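The values are calculated or read from the model by the stated rules, or taken from the named source; none is laboratory data. Everything numeric here is computed off the predicted structure, so don't read it as measured data. Heads up, the Cβs are rebuilt from the backbone with ideal geometry, glycines too, and the neighbour counts pull from every protein chain shown.
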Amino acid sequence: MSKIKFLGTAGARFVVMKQLRKSGGIWLSLDDTNVLIDPGPGSLIRCLTSKPKLNPMDLDGIILTHRHLDHSNDVNIMIEAMTNGGWKKRGIVFAPSDALDGDPVILKYVRKYVDKIEILREKGKYKLKNISFSTPVKHIHHGVETYGLNIIGEKITISLISDTSYFKNLGSYYTGDVLIINVVRLEESPNIEHLSLRDAEKIISKNKPKLAILTHFGMTMIKAKPWELAEKLTKKIGVKVIAASDGMEIDLDQYASQ
């Protein structure tokens, strides 16, 4: 089965620090390929306590959309777990250049454990076992080098809009069958470089994916009950919208092209 498993849905530092939502990232299984996206704090624990348990040695690769701790904190331990403590050289790690240079979040000693490290770039195209993905545009409104993803399987495409404030034509870069959007804010704030619910509504209304998933919630979204907000959006715009919850699993096969 092809699936998305949300190991955590926390966004922004206060929700992560207080663990009001978990922050383990996203595990994607697609076309017999397993990839972990943005392993934040607790990612390893969330894999090992998941039901059913997720074995890090089943991973084919790890992707960091950017270097902030809520997206990268567990990347080094997950590299160790993926490679059996470095004893089995395997896997590919994909990350922006600033996650590797200067003040790196991927430590130098673990880099030799993997088959390859590939640097994410704007308009980049990448291959991981049986899937491919692209990073269509740099999210310049987030303080560090940040990319969203378009993941291409045999019968389905999955788009992930990672952290950024809204910019012109943002949604046009992410037109997957399933659209995942990091929605930290309930209301727009000019001083916070994250998407709001209104931004998400604008993108979903125009793109009309088969399924839209809201995740990566900040405090204002959590207080507003994101599952109720998603239900209201579904009724308003006529597209199925759900709010991810910790441990939620999405069966992708039902959204694949026939």
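Some points to look at:
- Of the criteria (1) without any contact (Cβ under 8 Å) to a residue 60 or more places away in the chain; (2) within 25 Å of LEU214 (Cα to Cα); (3) in contact with a Leu (Cβ under 9 Å, 6 or more places away or on another chain), which one GLY91 fails: (2)
- Qualifying residue in the stretch 218-234 (condition: under 25 Å from LEU64 (Cα atoms) and not in a helix (DSSP H, G or I)): yes
- Scan of the stretch 168-194 for residues that are outside any loop (DSSP other than H, G, I, E, B), free of Cβ contacts under 8 Å to residues at least 40 places away in the same chain and hydrophobic (A, V, I, L, M, F, W, C), ordered by number: LEU170, LEU179, ILE181
- The set of residues in the stretch 203-217 being in contact with a strand residue (DSSP E or B) (Cβ under 7 Å, 6 or more places away or on another chain) and part of a loop (DSSP other than H, G, I, E, B) consists of PRO209, LYS210, HIS216.
- Residue identified as in contact with an Asp or Glu (Cβ under 8 Å, 6 or more places away or on another chain), modelled with pLDDT of 95 or more, of a type in the set (A, V, I, L, M) and surrounded by fewer than 22 Cβ atoms within 10 Å (Cβ to Cβ) among ILE237, ILE242: ILE237
- Checking each residue in the stretch 220-242 for being farther than 14 Å from ASP199 by Cβ and touching a residue at least 60 places away in the same chain (Cβ under 8 Å) picks out only ILE222.
- Qualifying positions in the stretch 53-78 - part of a helix (DSSP H, G or I) and among the hydrophobic types (A, V, I, L, M, F, W, C): MET57, LEU69, VAL75, ILE77, MET78
- The set of residues in the stretch 149-203 that are among the charged types (D, E, K, R) and closer than 27 Å to LYS223 by Cα comprises ASP163, ARG185, GLU187, GLU188, GLU193, ARG198, ASP199, GLU201, LYS202.
- Selection from the stretch 25-52 of residues that are in contact (Cβ under 8 Å) with a residue 60 or more places away in the chain, among the small types (Gly, Ala, Ser) and in a strand (DSSP E or B): none
- Qualifying residue in the stretch 120-143 (condition: under 18 Å from HIS71 (Cα atoms) and acidic (Asp, Glu)): no
- Top-ranked residue in the stretch 12-25 [being of a type in the set (Gly, Ala, Ser) and modelled with pLDDT of 95 or more; ranked as farthest from LYS53 (Cα to Cα)]: SER23
- Residues located in the stretch 183-219, provided they are more than 17 Å from TYR255 (Cβ to Cβ) and surrounded by fewer than 16 Cβ atoms within 10 Å (Cβ to Cβ): GLU187, GLU188, SER189, PRO190, ASN191, ILE192, ARG198, SER205, LYS206
- All of ASP70, ASP60 fail the test of being of a type in the set (Asp, Glu), within 30 Å of LYS155 (Cβ to Cβ) and touching a residue at least 60 places away in the same chain (Cβ under 8 Å), apart from ASP60.
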